[in-house]
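My questions all concern the structure below.
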Amino acid sequence: MALIKQKNVDVVVVGCGVSGSILCMELAAAGLRVVNLERGRMIDGMREFSSPHAFDEFKYERHSDIFQNLSRETVTFRNSSSDAALPMREMGSFKLGEVVGGTALHWGTHSRRFLPWDFESLSKTIERYGPDALPQDCSMQDWGITYEELEPYYDQFEHLYGVGGKAGNLNGEIRPGGNPFEGARSREYPNPPAPMTYAGSIFAEATRKFGYTPHVNPVASMTESYVNPYRLMLGKCMRGGFCSSHGCANGAKANPLTAVMPVLSKHKNYELRPLCNVIRINLDSSGKCATGVNYIDARGREVEQPADLVILASYTFNNTRLLLLSGIGKPYDPIANTGVIGKNYSYQTGGKVTLFFEDKVFNPFMGGGARGVSIDDFNGDNFDHSGLGFVGGAYVAVSSSGAPPIKNTPVPPGTPGWGLEWKRAVSKYYNRNFSIRVTGGCQSHRGNYLDLDPTYKDANGLPLLRMTFDWTENERRMSSWISEKALDIAREIGASKLSASPTRGHYSIVPYQSTHNVGGVIMGADSMTSAVNKYLQSWDVSNLFVVGGSAFPQNSANPPTNTIGALACWVADAIKDQYLRRPGPLV
């Protein structure tokens, strides 16, 4: 079939998730003709997520209705380069979105900013502890941008997504009720904090006895009805649960479908093309200028879309894979420790202590995204790491996000894995338990990376992306040490039974952990060690920007969505205020 060629446009944006929707809106409003290519289908949130459809646990949890079709494209996985990689056949450790709105349709709305330390973790670690404190083969590096530079864009994104919370550091003044460890904020959250839940208040009381500072999680599930800067109304969260993996029946969860698309889709300069899977970025004869992209449309035809500016704004895996398929940048080689594309793939480190009670009853069915209470006393470098044998940290939290009854069946240690006794324990403890979760950062290491699989291909005959990843001793030690702190809190609370599960052994791609995959197209100040500069502009192709979690040189303990959104706002301004006035390298 002959290649179909479309008319040239100013900008082609690949992906319509958090980053893509913001960039399309800002650039279309600046007068640019924007085409947005999204490989997933268009979704009518008002219809598909209305009650009772939004609460269909089989449809969204088990059958992965809004997630990537793994029979057509997946990733392959191995723990080390000496292992054989095999394809991921079912959604497990993470859940990749494949609809307009992307992975943000099913996020839990936890809206923490990264700590100032996260952006300069390499230099700050060496400054405080010396170079010997770095883990063996650790490839962590500074971002090339500071928290202070990004702060106005955090603020912009939080007001776009209506984040509810309480400032703990307002212009350098520590405020009661908020997180005293956060970076300085220029103004208060646009929405008030959520009320403490019963489980959260029990946790908060126990942590104060240790001298810790509990605070309510900031969330983008509306704590009050809210009108954002695009004049879109988001409804108040009614704590109906079914948040993660589901859309919101009340329109209270901020995401591209609720916070951007109703306005963007009507803009005269914008065209959305769903069911269009980009397979290549095209370059001119010099290899230094992008001329557009090729994609497969819904009818299986290959289409060329020429453009003056190309922006990749898809998920971490797809951003990395497209650069590798297009021959842009030098692929990372872990043996020679050269190249940048695929380098520093990272994840997040977990841990959990589940508390079971005989005398307390909760209502876990009610929930609202990541609503809950946290302490940051062990996050980042907020505590002295001397002699601990690890860098980085974790926040410790009790969240009340809802407990869909099919997948949420916690039982005390010693309970049989099936049968009558298991059923009795599930019935008894469903509403007599909650978990203290340890959510930790994950430093980048030389042996953790992404590349193209030499064996397995997708439905279009193109190589799949291969993930090589395992926990290192740094992450195991960190999870174990902070999980002990969580255990101390659990014992103070006084549960009848406890079950602790820190990160140990090898990473498994099977059980769900988090959809917080980052790295592969990392940002930095040096073209020899990073793929994009501080404005997420390719060092090799100046009219190509690669935006998303793929830019993170390593992962914070804090969820990535707030930072991804802030980076999208940062890049949009860089393109409008700098690149369009003088096209070319911005650094």
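The values are calculated or read from the model by the stated rules, or taken from the named source; none is laboratory data. As the structure is a computational prediction, the values presented were derived from the model and not from experiment. Using ideal geometry, Cβ is built from the backbone for each residue, glycine included, and neighbour counts are taken over all protein chains shown. Each accessible area value is taken on the protein alone, full model and side chains, heavy atoms only, with ligands, DNA and RNA left out. Shrake-Rupley method; radii C 1.70, N 1.55, O 1.52, S 1.80 Å.
Taking the alpha-carbon set of region 388-430, what are its Rg and Dmax in Å?
Answer for region 388-430, Rg first and Dmax second: 15.7, 45 Å.
Filter the trypsin sites (Lys or Arg not before Pro) in region 1-53 down to the DSSP loop ones having no more than 15 other Cβ atoms within 10 Å, then list what survives.
Those that pass, being in a loop and sparsely packed, are K7.
Rounded, prolate or oblate for region 329-411? Axes are the square roots of the Cα gyration tensor eigenvalues, ordered a ≥ b ≥ c, and the cut-off for rounded is a/c under 1.5.
Prolate is the answer for region 329-411, as a/c is 1.5 or above and a/b outweighs b/c.
State, to one decimal in nm, how far the label point of A184 lies from the label point of L325, with both points 7 Å from Cα in the Cβ direction.
4.6 nm
Can you give the % of DSSP beta bridges in region 275-426 that are antiparallel, to the nearest 5?
95 percent
If you don't mind, another one. Could you run the Debye sum over the Cα atoms of region 179-306, one equal point scatterer each and no solvent, and tell me log10 of I(q)/I(0) at q = 0.15, 0.17, 0.18 Å⁻¹, two decimals?
Each listed q corresponds, in turn, to -0.93, -1.02, -1.08.
Can you tell me the FRET efficiency between D284 and R89 if r is taken as the Cβ-Cβ distance and R0 is 45 Å, rounded to the nearest 0.05?
Result of the calculation: an efficiency of 0.70.
In region 8-52, if every C-alpha pair distance is counted and binned at 5 Å from zero, what percent goes to each bin?
Reading upward from the zero bin: 5, 21, 23, 19, 14, 10, 5, 2, 1.
Then there is this: Using DSSP to define loop residues, name the trypsin sites (Lys or Arg not before Pro) in region 383-424 whose beta-carbon has at most 16 other beta-carbon atoms within 10 Å.
K407
Here's a follow-up. If you average the alpha carbon positions of region 263-317 and of region 558-578, how far apart do those two centres end up, in angstrom?
Centre-to-centre distance over Cα atoms comes out at 20 Å.
So what is the orientation-averaged projected area of the chain, using the convex hull of its C-alpha atoms, in nm²?
25.6 nm²
Considering only DSSP states other than H, G, I, E and B, which trypsin sites (Lys or Arg not before Pro) in region 489-565 qualify as loop sites with at most 13 other Cβ atoms within 10 Å?
Sparse-neighbourhood loop trypsin sites (Lys or Arg not before Pro): R504.
Percent of Cα-Cα pairs per 5 Å bin, from 0 to the last occupied bin, for region 74-144, please list those.
3, 11, 13, 12, 11, 18, 19, 10, 3, 0
How large is Rg over Rh for region 431-536, taking Rg from the Cα atoms and Rh as the Kirkwood inverse mean of 1/r across Cα pairs?
1.09
Can you show me the helix-derived [θ] at 222 nm for the chain, built from DSSP H runs with n ≥ 4 at -39,500 (n - 2.57) apiece and divided by the number of residues, rounded to the nearest 500.
Helices in the chain give a 222 nm mean residue ellipticity of -6000 deg cm²/dmol.
Sorted by average packing, counted as other Cβ atoms within 10 angstrom per residue and highest first, what order do 371-377, 482-488 take?
Averaged packing, sorted descending, gives the order 371-377, 482-488.
Summarise the accessible area of region 547-587 (1.4 Å probe, protein heavy atoms) by the percent that is carbon and sulfur.
Taking all protein chains in place, region 547-587 shows 48 percent carbon and sulfur surface.
Oh, and also: Rolling a 1.4 angstrom probe over the protein chains, ignoring ligands and nucleic acids, what is the accessible area of D142 in square angstrom, nearest 10?
50 Å²
Antiparallel DSSP bridges in the chain: what percent, to the nearest 5?
Percentage antiparallel, nearest 5: 65.
Quick one: Debye curve from the alpha-carbon atoms of region 242-320 only, equal weights, vacuum; give me log10 I(q)/I(0) at q = 0.15, 0.21, 0.25 Å⁻¹ to two decimals.
Log-scaled intensity ratios, in q order: -0.76, -1.14, -1.24.
Between region 1-20 and region 133-212, what's the alpha-carbon centroid distance in Å?
A separation of 37 Å, based on Cα centres.
Between E205 and R581, how high is the FRET efficiency from 1/(1 + (r/R0)^6) when r is the Cβ-Cβ distance and R₀ = 60 Å? Nearest 0.05.
E(calc), rounded to 0.05, equals 0.60.
Related question: What is the local net charge at R437, summed over the other residues whose Cβ is closer than 14 Å to its Cβ (Lys, Arg +1; Asp, Glu -1)?
Result for the local shell: +3.
Shape verdict for region 351-395, please, from the Cα gyration tensor: rounded (a/c under 1.5), prolate (a/b greater than b/c) or oblate.
Note, shape of region 351-395 comes out prolate.
Another question, then. Probe radius 1.4 Å, ligands and nucleic acids ignored: give me the carbon and sulfur share of the accessible area of region 171-223 as a rounded percent.
Whole-percent figure for carbon plus sulfur exposure: 54.
Given the Cα-Cα distance of K5 and R175 and 0.36 nm per residue of separation, how much length would full extension add, in nm?
55.5 nm
While we're on this one: Over region 211-344, with the other protein chains present, what is the accessible area per residue in square angstrom, probe 1.4 angstrom?
Per residue, region 211-344 has an accessible area of 37 Å².
Could you work out Rg/(2.2 N^0.38 Å) for region 79-191, with Rg from alpha carbons only?
Dividing the Cα Rg of region 79-191 by 2.2 N^0.38 Å gives 1.41.
Continuing with this model, one more query. Only helices at least 24 Å long along their own axis, judged from Cα atoms, and with Kyte-Doolittle mean hydropathy of 1.0 or greater: name those in the chain from DSSP H.
Answer set is empty.
Residues of region 405-561: accessible area per residue at 1.4 Å, in Å²?
39 Å²
Follow-up. Among DSSP beta bridges whose residues both lie in region 260-359, state the antiparallel percentage, nearest 5.
Of those bridges, close to 90 percent are antiparallel.
With a/c under 1.5 counting as rounded, go ahead and sort region 347-477 into rounded, prolate or oblate using the C-alpha gyration tensor (a ≥ b ≥ c being the square roots of the eigenvalues; past the cut-off, prolate if a/b is larger than b/c, else oblate).
Oblate.
May I ask for the Rg/Rh ratio of region 154-243, computed from Cα atoms with Rh as the Kirkwood radius, given to two decimals?
1.00
Further question: Can you give the Rg to Rh ratio for region 492-574, taking only C-alpha atoms and Rh from Kirkwood?
1.17
Hey, what's the per residue convex hull volume over the C-alpha atoms of region 1-124, in cubic angstrom?
240 Å³
A follow-up question, please. Rounded to a whole number, what % of the accessible area of region 59-148 do carbon and sulfur atoms account for, probe 1.4 Å?
So the carbon and sulfur contribution to the accessible surface is 45 percent.
Suppose every K and R has +1 on its Cβ and every D and E has -1 on its Cβ; what is the size of the dipole of the chain about the Cα centre, in Debye to the nearest 20?
1400 debye
Could you pull the accessible area for F390 with a 1.4 Å probe, rounded to 10 Å²?
10 Å²
With a 1.4 Å probe and every protein chain left in place, work out the accessible area per residue of region 97-202 in Å², rounded to a whole number.
I get 37 Å² per residue for region 97-202.
Follow-up question, since we're still on this one. Report the relative contact order of the chain, percent, no decimals, based on alpha-carbon pairs under 8 angstrom and at least 6 residues apart.
In percent, rounded to a whole number, it is 22.
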